[in-house]
Structure formats: structure tokens, C-alpha cells
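The values are calculated or read from the model by the stated rules, or taken from the named source; none is laboratory data. Note that this is a predicted model, so its numbers are computed, not measured. All Cβ positions, glycine included, derive from the backbone under ideal geometry; neighbour counts span all protein chains shown. What goes into the accessible areas is simple: the full protein's heavy atoms, side chains included, and nothing from ligands, DNA or RNA. Shrake-Rupley method; radii C 1.70, N 1.55, O 1.52, S 1.80 Å.
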Amino acid sequence: MAVSLLAHEVSDLCLGKPALRALSISATIGDALSALKASGDNFISVWSCKHGNSNNGDVVVVGDACDDGDEYVCECVGKICMVDVICYLCKEDNLVSPSEALKAPVSLILSQISPALVMHVDPSSSLLEAIDLMLEGAQNLVVPIKNRVSSRRRQHQKLISSSPTSPTSHNGREFCWLTQEDVIRFILGTIGFFSPIPALSVDNLGIISSDINVVNYHSPATLAIEAISGSLIDQTSVAVVDSDGFLIGEISPLTLGCCHETVAAAIATLSSGDLMAYIDCGGPPEDLVRVVKERLKEKGLEGMLKQIDNNSTNLVSYHSTSSSSDEESMATDSKLGRSRKKHSRSMSYSARMVRRAEAIVCHPKSSLVAVMIQAIAHRVSYVWVVEEDCSLVGIVTFSDMLRVFREHLD
């Protein structure tokens, strides 16, 4: 079975995956925002397609396809998500005039993100090579889809090239990308091979990390901006704790990624606790929206205030996600909820506890396989680790899990 497992190629994990939707490196941040909204994807890949005979690096526009007959050198140079745009808009100058800020090139955001997060790999690369690249920091592996694009399909792509989110081909090939979640799902399907490791607790395996992004429940949300950006790179989240270190909830990039870009105004004006309520799946409470507007007026941020007024009926929109939990996680969530009750007397609007801001948690003695299933069921790449009293211990991530399985394969 070991030989069978090690014989798998990257392409085996890409069967049935959709082709990437591409954004040109020459596009604006506003273009990226429109593409994200139209596609419903968490991330949009950004490509640089330079003509082989061009010295100035002419780039194919969004939605165009590079034909086989054209001499293009195409490379996925990064990815962008709604959280990147939100953090960008949180800067003081951009809050003053968000409409002008969105006219800046998308490369402005990419320049602040490590290019190593996205890497091209050959479809014949081994599973071990893919895991090694991910452990070295790659989040998305760009893999060519083996079936080349037919001439008829290329013609169809040209017809729909005006769409900013249509899948595109590069030199006659389409691409998909492979993530840590894809690999963890694959390993879960062969979990028996790794016995007895999956049955061991995350504590015994030593994979609980204390290097986490944390903000205080009552602290200004602006103090969380750097933590949010960091958690996006780490593929984790920002823990919201009280003064005693008890976990109250989280500010998740996954949740923020489902919000309207004007949530940047809430980050700029609210506390971390109130921000959790603002991004709840039911949409921001009217009283919190009024608070945000009043504080924007006080700060003279009329540009962002206008954006909120223009989008008052669509401040938060969510993509549906599947979720489930076992008895252990349900019991832990119940205890986590009880730990929050002491905050209900606060004048904070976040006293009404929110579902989307609730953290997915486990205990130090939870088994590795239980934590894997829990993370996959909730479509997150991490699980918070708490004690019985809900004091925060640390976090277990997909990277930690992959490291354990990689050492076992050695």
C-alpha cells in the first residue's frame, strides 16, 4: 500500500477540478473586486502573459486566451481574494476615497504578498513533491489540466472574453490549483496506512502551535488588521479573547471574504467584538451600521460613507458552506457559548453571539483524525485548541498535519 500511495502524481488529485479563472496582472483592484463578486470564488488567480516578441511585457487582458499559435510566456504570479481588497481599503488614505483606491493596479496588492504562495508544478510531479512544496510555504500549486483545450473551446472562450471571470487557456492549456485541503482529503481516504498515528492526540503528536494571531474582545478592530493579513498568509484566523485568555470567537478571513468591501469601514470604526457581530451571517445589525456611519462622519471619511449608502442593501453577502460537527465539538461549542455569557452584560453590540464568529475548537486530547474530519467538515484549514474551561491553548493547522504524515512517509 505504501508503494501505491507514493506512486500517486499531482494530476491524480486534480481529476474533476474546475479550470482557474484568470485575472490579468494589468487589471485594477476594482477589476479584481468585480471578478471576485461575479465568480463566487474565494480567490482569483493573477496571470502575467507576455508576448514572446515583446520587450515591454504586453499582457493579455482579463478573459482572453493565449492561442497555440501565439508566442506567449504565461505564468500565474499570484492570487487575490476579498480580504486582500478589504485590508487594502482599511488604509487611511484609501478610506478617504475608496473609489480612487480601487483604480490602482492589482500588482500593488501582489507586491506585498510573497510570490512563493503560488507555484507552478508539472502534473507528473509526485504527491511527496507537492507536500514538500506546501510545507515550504506554497498555498496553491498551479497544475496544467492534462486535456488540452480544443480549438472549438478556444473560440468559445474568445466569444466570452468580455467576462472578467471566465476560465481561460494559456498556450492552449487550462490550469487548476491544488491546495492543502485537497491533499488532506486525499490522505483521509488512505488514513489506515498511517495507523496508529491518526488515533494519537494532537497533544501527544506535538502539533499544537502557540504561534497564533490574537486580539482582545474590546480592542479596536484596527489593531487586528495586521493579524488578519497574517492569518491570510498562514491560512488560519484571528482569535478574539477576553482579558483572561478565554476564547470568545474569531475574525476569520473566510468569513470576511464573504463580506462586501465596505466592511473596511467597520474595521476602521468598531471594536473587535463588535466586528464579529457586524460580519454575522444575518448581515450587520442596523444599530451597528448607524454607529459605523456616525464614526465615519466624525472622522470625515465621506468617501467610504457614500460607498456604504450606495450598497446599504448588500453590506454582507455569504456563499453557502457545508458544516457538521461530532458530539465532542458540539459539547465544546456549548461550553464556549457559556463562557461568553459574562459578556452579555456589556454595552457592546456584540453581546448577541453570532454563529459565523464562533470558532471551531477541539481539546488537546482530541485525536488527529477527529481534528482532520472536523476541519474538512467546516471547510477550514485549522482548528483552535482549548482547555475544558475554554482557555485558549493554541491551534492545529493543515500544515501541522501534513508535517506529521510527511515524516511518517519518510
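Roughly speaking, what is the stretch gain from Ala377 to Lys103, that is 0.36 nm per residue apart minus the C-alpha to C-alpha distance, in nm to one decimal?
Between Ala377 and Lys103, full extension yields an extra 94.8 nm.
Taking R0 as 25 Å, what FRET efficiency do you get between Asp211 and Glu407 from their Cβ-Cβ distance, rounded to the nearest 0.05?
For Asp211 and Glu407, the calculated efficiency is 0.80.
At 1.4 Å probe size, what's the solvent-accessible area of Glu75? Round to the nearest 10 Å².
Per-residue accessible area (Glu75): approximately 100 Å².
Could you tell me which of Leu301, Ser271, Val289 has its Cα farthest along the dipole of segment 265-305 towards the positive end, charges placed at Cβ (Lys, Arg +1; Asp, Glu -1), taken about the Cα centre?
It is Leu301.
With a Förster radius of 41 Å, plug the Cβ-Cβ distance of Val96 and Ala199 into 1/(1 + (r/R0)^6) and report the FRET value to the nearest 0.05.
The pair Val96/Ala199 has a calculated efficiency of 0.15.
Once you list every other residue whose beta carbon is under 13 Å from the beta carbon of Ser209, what net charge do they have if Lys and Arg are +1 and Asp and Glu are -1?
Here the count lands on -3.
Tell me, in nm to one decimal, what length is gained between Thr222 and Lys306 on full extension, where the rule is 0.36 nm per residue of separation less the Cα-Cα distance?
28.2 nm
Where the centroid of each part is defined by its Cα atoms, how far is segment 388-410 from segment 200-241 in Å?
Taking the Cα centre of each part, segment 388-410 and segment 200-241 sit 14 Å apart.
I need the fraction of alpha carbon pairs in segment 72-123 separated by more than 19 Å, rounded to a whole percent.
Pairs farther apart than 19 Å: 36 percent.
Inverting the mean 1/r over all pairs of different Cα atoms, compute the Kirkwood radius of segment 211-292 and quote it in Å.
It is 12.6 Å.
Assign one of three labels to segment 232-273, namely rounded, prolate or oblate, based on the Cα gyration tensor with a ≥ b ≥ c the square roots of its eigenvalues; rounded applies when a/c is under 1.5, prolate when it is not and a/b is larger than b/c, and oblate otherwise.
Judged from the Cα gyration tensor, segment 232-273 comes out oblate (a/c at least 1.5, b/c at or above a/b).
Can you give the net charge of the other residues whose Cβ lies under 11 Å from the Cβ of Ser124, counting K and R as +1 and D and E as -1?
Every neighbour counted, the sum reads -3.
If you add up the charges near Pro253, with Lys and Arg at +1 and Asp and Glu at -1, over every other residue whose beta carbon is less than 11 angstrom from its beta carbon, what do you get?
-3
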